[in-house]
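The values are calculated or read from the model by the stated rules, or taken from the named source; none is laboratory data. The model shown is predicted, which means the values in this text are computed figures rather than measured ones. As a convention, Cβ positions derive from the backbone with ideal geometry for all residues, glycine included, and neighbour counts pool all protein chains shown.
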Amino acid sequence: MKAVTFPVPWEYLKRIFEGKNVFVKPATLRVEEGMKVIFYASRENQGWHGEAEVERVEYYTSVEEIIKKYRDKLFLTPEELRRYERDRARWDSGRRKRPWMVLVLRNIEKYPRVVKPKKFIVVSGRYVDEKEYEEIRRSTS
């Protein structure tokens, strides 16, 4: 796979384009170093707003460990990440709990224009193949 895409509320997503380079979410897809992450704004300003390259992937069971290591680089504040963890516990379906996936990003790029996806972006995210990625890139110019 060339890339992954995840929906993120615009109020948090814009922080990535303002210099926060550590993205955190429950591990739902297999992400590898060198892959692209294409950021989809959910709720308001819906669409793909930009991308970044994955420099490093790490997994954690505790948000406190993540906060301790990356506090000022996180795209969520410590309290927002703690709230995410509490909310996640309420959504728990009884299945095995997924670890937290931390993506350290580089080469963050905001697209000159928003691109509307042809396929729905589910909460867990989805893979983007080479063909779709090239279509996205063509649509940004």
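When you scan region 113-131, do you find a residue that is of a type in the set (Phe, Trp, Tyr) and crowded, with 16+ Cβ neighbours inside 10 Å, even just one?
Step one: list which residues in region 113-131 are of a type in the set (Phe, Trp, Tyr), which gives 120, 127.
Okay, now just the ones that are also crowded, with 16+ Cβ neighbours inside 10 Å, so none.
No, region 113-131 has no match at all.
For the list (1) surrounded by 13 or more Cβ atoms within 10 Å (Cβ to Cβ); (2) in contact with a helix residue (DSSP H, G or I) (Cβ under 8 Å, 6 or more places away or on another chain); (3) modelled with pLDDT under 95, I need the number of the one condition that Ile38 fails.
The number of the failed condition is (3).
On the basis of being part of a helix (DSSP H, G or I), surrounded by 13 or more Cβ atoms within 10 Å (Cβ to Cβ), of a type in the set (A, V, I, L, M, F, W, C) and over 13 Å from the mean Cα position of the chain (by Cα), does Ile16 make the cut?
Taking the combined requirement at face value, the residue does not satisfy it.
Being of a type outside the set (Phe, Trp, Tyr), outside any loop (DSSP other than H, G, I, E, B) and surrounded by 15 or more Cβ atoms within 10 Å (Cβ to Cβ) is the requirement here; does Val24 meet it?
Yes.
When you look at Tyr111, is it touching a strand residue (DSSP E or B) at 6+ places or on another chain (Cβ under 6 Å), outside any loop (DSSP other than H, G, I, E, B) and not β-branched (Val, Ile, Thr), yes or no? Give the derivation first.
Working: touching a strand residue (DSSP E or B) at 6+ places or on another chain (Cβ under 6 Å): yes; outside any loop (DSSP other than H, G, I, E, B): yes; not β-branched (Val, Ile, Thr): yes.
Spelling it out, Tyr111 is indeed touching a strand residue (DSSP E or B) at 6+ places or on another chain (Cβ under 6 Å), outside any loop (DSSP other than H, G, I, E, B) and not β-branched (Val, Ile, Thr).
Of the residues that make up region 120-141, is at least one more than 18 Å from Phe6 (Cα to Cα), at pLDDT 90 or above, in a helix (DSSP H, G or I) and touching an Asp or Glu at 6+ places or on another chain (Cβ under 7 Å)?
The answer is no, given that none of the residues of region 120-141 is more than 18 Å from Phe6 (Cα to Cα), at pLDDT 90 or above, in a helix (DSSP H, G or I) and touching an Asp or Glu at 6+ places or on another chain (Cβ under 7 Å).
May I ask you to list the residues in region 57-80 that are touching a Pro at 6+ places or on another chain (Cβ under 7 Å) and outside any loop (DSSP other than H, G, I, E, B)?
Tyr59, Tyr60, Ile67, Arg71
I need a count of the residues in region 1-36 that are of a type in the set (Phe, Trp, Tyr) and closer than 20 Å to Tyr127 by Cα. Break it down stepwise before answering.
Filtering region 1-36 for residues of a type in the set (Phe, Trp, Tyr) gives 6, 10, 12, 17, 23.
Applying the additional criterion that residues be closer than 20 Å to Tyr127 by Cα yields 6, 23.
Final tally of qualifying residues: 2.
Taking Asn45, is it more than 12 Å from the chain's Cα centre (by Cα) and either surrounded by 15 or more Cβ atoms within 10 Å (Cβ to Cβ) or closer than 22 Å to Lys118 by Cβ (or both)?
Numbers: more than 12 Å from the chain's Cα centre (by Cα): yes; either surrounded by 15 or more Cβ atoms within 10 Å (Cβ to Cβ) or closer than 22 Å to Lys118 by Cβ (or both): yes.
Spelling it out, Asn45 is indeed more than 12 Å from the chain's Cα centre (by Cα) and either surrounded by 15 or more Cβ atoms within 10 Å (Cβ to Cβ) or closer than 22 Å to Lys118 by Cβ (or both).
Could you tell me whether region 32-47 includes any residue that is farther than 15 Å from Val4 by Cα, without any contact (Cβ under 8 Å) to a residue 60 or more places away in the chain and touching a Leu at 6+ places or on another chain (Cβ under 8 Å)?
For region 32-47, residues farther than 15 Å from Val4 by Cα, without any contact (Cβ under 8 Å) to a residue 60 or more places away in the chain and touching a Leu at 6+ places or on another chain (Cβ under 8 Å): absent.
Output yes when any residue across region 82-103 is at pLDDT 95 or above, farther than 20 Å from Lys2 by Cα and surrounded by fewer than 16 Cβ atoms within 10 Å (Cβ to Cβ), and no when none is.
no
Taking the conditions exactly as written (basic (Lys, Arg), closer than 17 Å to Arg15 by Cα and at pLDDT 95 or above), does Lys73 satisfy them or not?
yes
Just checking, which of Val54, Val31, Val8 is crowded, with 18+ Cβ neighbours inside 10 Å, outside any strand (DSSP E or B) and hydrophobic (A, V, I, L, M, F, W, C)? Walk me through how you get there before you give the answer.
On the way: Val54 fails: outside any strand (DSSP E or B); Val8 fails: outside any strand (DSSP E or B).
None of the others qualify; the one that does is Val31.
Considering each residue of region 1-28, count those that are under 17 Å from Tyr133 (Cα atoms) and not charged (D, E, K, R), and give that number. Lay out the reasoning, then the answer.
Our first condition is that a residue be under 17 Å from Tyr133 (Cα atoms); within region 1-28, this holds for 1-7.
Checking the rest, the ones that are also not charged (D, E, K, R) come to 1, 3-7.
The number of residues fulfilling the criteria is 6.
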